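The values are calculated or read from the model by the stated rules, or taken from the named source; none is laboratory data. Note that the structure is a prediction, hence the values are computed from the model and not measured. Cβ atoms come from the backbone with ideal geometry, glycine included; neighbour counts cover every protein chain shown. The area values use the complete protein model at the heavy-atom level, side chains included, leaving out ligands, DNA and RNA. Shrake-Rupley method; radii C 1.70, N 1.55, O 1.52, S 1.80 Å.
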Amino acid sequence: MATLIAPINHSPVADAEALHKAVQGWGTDEKSVITILGHRNVYQRQQIRKSYHETYQEDLLKRLESELSGDFERAVYRWMLEPADRDAVLANVAIKDGNKGHHVIIEIVSVLSPEEVLALRRAYHNRYKHSLEEDVAAHTSGHLRQLLVGLVSSFRYGGDEINPKLAKTEADILHESIKEKKGNYEEAIRILTTRSKTQLLATFNRYRDDHGISITKKLLDNASDDFHKALHTAIRCINDHKKYYEKVLRGALKRVGTDEDGLTRVIVTRAEKDLKDIKELYYKRNSVHLEDAVAKEISGDYKKFILTLLGK
């Protein structure tokens, strides 16, 4: 469930006028920006942007980018983008981050539906004038490159059919692939990048039943290099993306120096989807409400905006 509660009846023209007033003259009325944009769904935000451009012959997104700053500006900018365009921006930033960004690319393409991955790839083409696959390939090598390129170029079957015999066979292949780091990595990559998510869940469950340990825990024991860490992230995201996101938030808030990029990414991308469920998981895991943890670690207009998206 989403945390965003948008008004049913809203006027994009009135919102555009209010936002224009908020960014006019000396200083910006950040409160109005947060109050309006923090309570509008993706369709409404695009209508506001269109109305703003028609009325003032100016791109609202570029105006906000010039008026706001820091983590607040980045959060508002990403919130204003259409989902596929936002994912393209996040993927490009992650590619430029090198080893530190691999998990973000894997997270994005492993959680999205097949159609959403296609939309991401089109948005990436349009924005950067080259393909997501070629950029990922240019910044990686070896088995890691094979895994990441396979994930970003995959168009999985999206149905619910399961082949139990195949789940058994491929659970054994995955077991051999990660055992003592001497397995057939190409086969593991083939399975993770081509099978439907439903089939993979059956395979992961069969792995646990046959080997007495979850595949993610087994991989965690072996995850000392970038490739095994990438395998671990892909499986976690496919297996239970909400639990994965809870861990990202926990890590972002509990590390020395808050990881604002991780915090913004999860909240901005999930506020209209399942952030309420992720919040509940966070409370069960940490005995602290996510809003309270966020309020303690960040400040200013960035804090107000993030808390607004959290439904506070």
Note to self: I'd like the residue in the stretch 55-75 that is closer than 16 Å to Lys21 by Cα and loosely packed, with under 12 Cβ neighbours inside 10 Å and, out of all such residues, is farthest from the chain's Cα centre (by Cα).
What the structure shows: Gln57
Notebook entry, point to check: Cβ-Cβ below 8 Å, separation at least six or inter-chain, first residue in the stretch 46-67 and over 17 Å from Thr28 (Cα atoms), second open to solvent by 90 Å² or more (accessible area, probe 1.4 Å): which pairs?
Noted result: Gln46/Glu82; Thr55/Glu17
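Yes/no per residue for (1) under 16 Å from the mean Cα position of the chain (by Cα); (2) at pLDDT below 95; (3) open to solvent by less than 50 Å² (accessible area, probe 1.4 Å):
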site: Gly212; (1), (2), (3): no, yes, no
site: Ala223; (1), (2), (3): no, yes, yes
site: Phe227; (1), (2), (3): no, yes, yes
site: Ala234; (1), (2), (3): yes, no, yes
site: Lys242; (1), (2), (3): yes, no, no
site: Tyr245; (1), (2), (3): yes, no, yes
site: Val248; (1), (2), (3): yes, no, yes
site: Lys254; (1), (2), (3): no, yes, no
Check: Out of (1) buried (at least 20 other Cβ atoms within 10 Å of the Cβ); (2) farther than 21 Å from Asp85 by Cα, the odd one out for Ile267 is which?
Finding: (2)
Next item on the list: Working carefully through the options Arg127, Arg86, Arg121, find the one that is in contact with a helix residue (DSSP H, G or I) (Cβ under 7 Å, 6 or more places away or on another chain), charged (D, E, K, R), within 25 Å of Ala271 (Cβ to Cβ) and open to solvent by less than 40 Å² (accessible area, probe 1.4 Å).
Entry: Arg86
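Rundown of residues vs (1) over 21 Å from Glu115 (Cα atoms); (2) assigned to a helix (DSSP H, G or I), yes/no style:
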| site | (1), (2) |
| --- | --- |
| Gln199 | no, yes |
| Ile213 | yes, no |
| Ala234 | no, yes |
| Arg250 | yes, yes |
| Ile278 | yes, yes |
Notebook entry, point to check: What pairs come up if the first residue lies in the stretch 1-28 and is under 25 Å from Gly311 (Cα atoms), the second is at pLDDT below 85, and their beta carbons are under 9 Å apart, counting only those six or more places apart or on different chains?
Noted result: Thr3/Lys312
Next item on the list: Would you mind telling me which numbered condition in (1) assigned to a helix (DSSP H, G or I); (2) open to solvent by 40 Å² or more (accessible area, probe 1.4 Å); (3) without any contact (Cβ under 8 Å) to a residue 60 or more places away in the chain; (4) not assigned by TED's automatic domain parsing to the domain that holds Asn205 His143 fails?
Entry: (3)
Checklist line | Odd one out for Leu118, checked against (1) over 15 Å from the mean Cα position of the chain (by Cα); (2) within 18 Å of Asp225 (Cβ to Cβ) | finding: (2)
Notebook entry, point to check: When you go through Leu192, Leu174 one by one, which is the residue that is modelled with pLDDT of 95 or more, in a helix (DSSP H, G or I) and crowded, with 21+ Cβ neighbours inside 10 Å?
Noted result: Leu192
Notebook entry, point to check: Is at least one residue of the stretch 256-266 closer than 25 Å to His39 by Cβ, in contact (Cβ under 8 Å) with a residue 40 or more places away in the chain and not in a helix (DSSP H, G or I)?
Noted result: yes
Item checked: Count - residues of the stretch 97-134 that are free of Cβ contacts under 8 Å to residues at least 24 places away in the same chain and of a type in the set (Lys, Arg) -> 2
Check: Among (1) under 27 Å from Thr140 (Cα atoms); (2) touching a helix residue (DSSP H, G or I) at 6+ places or on another chain (Cβ under 6 Å); (3) modelled with pLDDT of 95 or more, where does Arg206 come up short?
Finding: (1)
Checklist line | Any hit, the stretch 281-297, residues being at pLDDT 95 or above, open to solvent by 40 Å² or more (accessible area, probe 1.4 Å) and under 18 Å from the mean Cα position of the chain (by Cα) | finding: yes
Item checked: Cross-chain or 6+ apart pairs with Cβ under 6 Å, the stretch 76-94 first and in contact (Cβ under 8 Å) with a residue 40 or more places away in the chain, then outside any helix (DSSP H, G or I) and crowded, with 21+ Cβ neighbours inside 10 Å -> Val76/Leu68
